[in-house]
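**Q** Dumping the structure here so I can ask a few things about it.
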Amino acid sequence: MTVLDSKIPAGPLQDKWQNWLDAHTLVGPRNRAGKNVIVIGTGLAGASCAASLGAQGFKVKSFCFQDSPRRAHSIAAQGGINAAKDYANEGDSAHRLFKDTIKGGDFRSREANVMRLAQLSENIIDQAVAQGVPFNREYSGALATRSFGGVLVQRTFYTRGQTGQQLLLGAYSALEHQVAAGNIEVFNRHEMQDVVIVDGEARGVIVRNLITGEIERHAADAVVLASGGYTNVYYLSTNAMGSNVTATWRAHKRGAFFANPCYTQIHPTCIPQSGEYQSKLTLMSESLRNDGRIWVPRKSGDDRPPAEVPEAERYYFLEERYPAFGNLAPRDIASRAAKVVCDDGLGVGGTGRGVFLDFRDAIGAQGKDAIERKYGNLFEMYSRITGDNPYETPMMIYPAPHYAMGGLWVDYELQTTIPGLFAIGEANFSDHGANRLGASALMQCLADGYFVAPHTVTNHLAKNHDEVSTSDSAFDEVESDVRGHIQKLMDVGGGTSAQAFHREMGHVMLDKCGMSRTAEGLDEALTDMRKIKAEFWSDLRVDPGDEEFNQSLEYANRVSDFLELGELMIHDARRREESCGGHFREEHQTDDGEALRDDDHFAKVTAWEFGGDDPVPHDEALVFDDVKLATRSYK
């Protein structure tokens, strides 16, 4: 079995990152223009990384499949970004943020990586303010903060309900500044198809121009994947419809291990599905749980309008079950609690798959204007989608797939098991364990992009690398594989769209590898997924024309990777005989229905080596020196 070297520096936990910085190798300013880096993805992680490397003087090629870097899915993040600045004067600190994140992830993440993230969080806010990000402010002028789930302090900085958008515009402005300086070249509407390995190192990529269909080769001294997560494996999710796993999955098939793929997050506050042929779900920010109270009627079948349900007949299930945190319980716990009450027949709405998020009391105490200042754009969005006015009637919400804690395995330097190939942001597994706390995704993306990867990639670039040309035989071989896969999709000649297969796969994954899992269900899911995959390759319909704009080919290409990823997620969930965070095995729960970990056997990261139908697991033991393993409790 391969021994995974996490390359964690020596020394006290709080000093590890500085020790690493003090020892890493630099590239002199005059030599940087001769070093080339490819960055895949232009969300918060990708844009900030490309901009930072370009500002240092390296030559960067930035790729996105959207029509503009500003369309990356980071723009959809709503509620805020965590940082241990303690502007609220509550006693917050980097160490408290570190402990909250370790606990929130159910003790399934590396201490060293999480401590670095907590320490760098303070720098992110300074960087964003310097870029002009319009964070909400208190009357005094100080930056405003609010709470998110799983913490007892207010450390989340926000711009109403548009935090991702504003942070991305800041990163985009930095990116475009380097484009104007001649250090970055941006390739819009280009999608990575594979990574090219020369002499054991990542030295380039094969991409497809989505407008012309042309297959292109690009060489570099290092490749950074910042392509996001994979929860569109569930078909319906809060992710943009174009979000996909292709970049990281193709890297996995070339030798990059995939870590903890079964760790996915179901977000508790989303607009419920309204019909079978709906194509995506809409997130409603976790920040709403600061003032909204979640409840269902205590009696099954109670279909009275919510305003007619007396207070005594309302079941505020999070407040009753978790009195210390109430409606701000962590996402995995809040989502499962909503599922349980709906399974018990207490759900609301036409499908019975909904709970109320009610602002009646907050509006009564603070006034409508105060609530509008904090959440106005979110209320407007909800009203446009549902036709209901949340100032007058409760929102109806239900959990939905939202985020992937799993991803490519990386060491402390964010380098995968392929030398020269780095993965940052949601594309890697490194910081959130089995459950991500709210407002920590943006924090990780910008910490990786602005403050970690620019140094760790530089450390790699400092090595002597022979120049590689796109005429190298390795590029010939990988391009041939890419063209062969595309032709295979084109040649199926069936009658069923890729979307139909994707929807069917999503049903299987959500039902049997979603909010709760069982050994029996996972075994059934694996059989179902293999059947769907066989039908995909025998009855897929793709519109003609692979050398032109062809969205049906784009979609089929992505679904082919989701089908394989889904199988790996099932293998991982089946092997992990415990419950932790977002991975809830019904066989492993406490008497009161909480997750039951098995630290003796599963306090580890499982990184999978690609093996087709028989993937090979490799384990990295998690060592806890600063925090004490304990049963996670939010009661």
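**Q** Would you call Ser93 more than 19 Å from the chain's Cα centre (by Cα), open to solvent by less than 60 Å² (accessible area, probe 1.4 Å) and in the same structural domain as Ala453 (by TED's automatic domain parsing)?
**A** Numbers: more than 19 Å from the chain's Cα centre (by Cα): yes; open to solvent by less than 60 Å² (accessible area, probe 1.4 Å): yes; in the same structural domain as Ala453 (by TED's automatic domain parsing): yes.
In short, yes.
**Q** Only one residue in Arg116, Arg108, Arg71 is farther than 30 Å from Arg137 by Cα, at pLDDT 95 or above and either in contact with a Phe, Trp or Tyr (Cβ under 7 Å, 6 or more places away or on another chain) or not β-branched (Val, Ile, Thr) (or both). Which one? Give the steps one after another, and end with the answer.
**A** Values: Arg116 fails: farther than 30 Å from Arg137 by Cα; Arg71 fails: farther than 30 Å from Arg137 by Cα.
After applying the criteria, what remains is Arg108.
**Q** Could you list all residues from segment 508-546 that are without any contact (Cβ under 8 Å) to a residue 60 or more places away in the chain, under 30 Å from Ala595 (Cα atoms) and among the β-branched types (Val, Ile, Thr)?
**A** Selection gives Val508, Thr527.
**Q** Taking segment 614-635, which residues are modelled with pLDDT of 95 or more and over 22 Å from Gln14 (Cα atoms)?
**A** Selection gives Asp614, Pro615, Val616, Pro617, His618, Asp619.
**Q** Still on this structure, I have one more. Out of all the residues in segment 381-426, which are within 29 Å of Ala47 (Cα to Cα) and open to solvent by 20 Å² or more (accessible area, probe 1.4 Å)?
**A** Quick first cut of segment 381-426, residues within 29 Å of Ala47 (Cα to Cα) only: 381, 400-426.
Matches in segment 381-426: Met381, His402, Glu413, Thr417, Pro419, Glu426.
**Q** Let me ask you something else. Testing Asp86 on (1) on the phi < 0 side of the Ramachandran plot; (2) of a type outside the set (Lys, Arg); (3) in contact (Cβ under 8 Å) with a residue 60 or more places away in the chain, one condition comes back false. Which one is that?
**A** Here Asp86 clears every test but (1).
**Q** Which condition from (1) crowded, with 22+ Cβ neighbours inside 10 Å; (2) out of contact with any Leu (no Cβ under 6 Å at 6 or more places or on another chain) is the one that Gln165 breaks?
**A** In the conditions (1) crowded, with 22+ Cβ neighbours inside 10 Å; (2) out of contact with any Leu (no Cβ under 6 Å at 6 or more places or on another chain), Gln165 misses (1) alone.
**Q** Taking the conditions exactly as written (without any contact (Cβ under 8 Å) to a residue 60 or more places away in the chain and either buried (at least 22 other Cβ atoms within 10 Å of the Cβ) or assigned to a strand (DSSP E or B) (or both)), does Leu53 satisfy them or not?
**A** Working: without any contact (Cβ under 8 Å) to a residue 60 or more places away in the chain: no; either buried (at least 22 other Cβ atoms within 10 Å of the Cβ) or assigned to a strand (DSSP E or B) (or both): yes.
No, not satisfied.
**Q** How many residues does segment 430-478 hold that are among the hydroxyl-bearing types (Ser, Thr, Tyr) and closer than 30 Å to Asn290 by Cβ?
**A** 3
**Q** Further, regarding this structure: I'd like the full set of residues that are free of Cβ contacts under 8 Å to residues at least 12 places away in the same chain and either on the phi < 0 side of the Ramachandran plot or surrounded by 15 or more Cβ atoms within 10 Å (Cβ to Cβ) (or both), limited to segment 342-371. Working first, answer last.
**A** Keep residues of segment 342-371 that are free of Cβ contacts under 8 Å to residues at least 12 places away in the same chain, which gives 343, 350, 352, 364-365, 367, 369-370.
Scanning segment 342-371 gives Asp343, Gly350, Gly352, Gly364, Ala365, Asp369, Ala370.
**Q** Report the residue count in segment 284-341 for those that are open to solvent by less than 70 Å² (accessible area, probe 1.4 Å), part of a helix (DSSP H, G or I) and acidic (Asp, Glu).
**A** 3
**Q** I need the full set of residues from segment 492-541 which are open to solvent by less than 60 Å² (accessible area, probe 1.4 Å), among the hydrophobic types (A, V, I, L, M, F, W, C), touching a Phe, Trp or Tyr at 6+ places or on another chain (Cβ under 7 Å) and part of a helix (DSSP H, G or I), in order please.
**A** Scanning segment 492-541 gives Ala498, Phe501, Met505, Met509, Ile532, Phe536.
**Q** If you check Gly425, Gly326, which single one turns out to be in contact with a helix residue (DSSP H, G or I) (Cβ under 8 Å, 6 or more places away or on another chain) and outside the structural domain of Ser285 (by TED's automatic domain parsing)?
**A** Gly425
**Q** Quick check, is Glu467 charged (D, E, K, R), at pLDDT 95 or above, open to solvent by 10 Å² or more (accessible area, probe 1.4 Å) and not assigned by TED's automatic domain parsing to the domain that holds Asp599? Please lay out each step first, then the result.
**A** Working: charged (D, E, K, R): yes; at pLDDT 95 or above: no; open to solvent by 10 Å² or more (accessible area, probe 1.4 Å): yes; not assigned by TED's automatic domain parsing to the domain that holds Asp599: yes.
No: the conditions fail for Glu467.
**Q** Now a separate question. Quick one: is Lys61 assigned by TED's automatic domain parsing to the domain that holds Ala251, among the charged types (D, E, K, R) and in contact with a Leu (Cβ under 6 Å, 6 or more places away or on another chain)?
**A** Judged against the criteria, Lys61 is not a match.
**Q** Let me ask something additional. Looking only at segment 253-278, filter to residues that are among the small types (Gly, Ala, Ser) and part of a loop (DSSP other than H, G, I, E, B); which one of those is most open to solvent (accessible area, probe 1.4 Å)?
**A** Residue satisfying both the conditions and the ranking: Ser274.
**Q** For segment 64-85, enumerate the residues that are open to solvent by 10 Å² or more (accessible area, probe 1.4 Å), in a loop (DSSP other than H, G, I, E, B) and more than 16 Å from Tyr158 (Cβ to Cβ).
**A** Correct list: Phe65, Gln66, Asp67, Ser68.
The values are calculated or read from the model by the stated rules, or taken from the named source; none is laboratory data. Remember, it's a predicted structure, so these values are computed and weren't measured experimentally. We place every Cβ from the backbone using ideal geometry, glycine too, and count neighbours over all the protein chains shown. Surface accessibility is based on the protein's heavy atoms, side chains included, excluding ligands, DNA and RNA. Shrake-Rupley method; radii C 1.70, N 1.55, O 1.52, S 1.80 Å.
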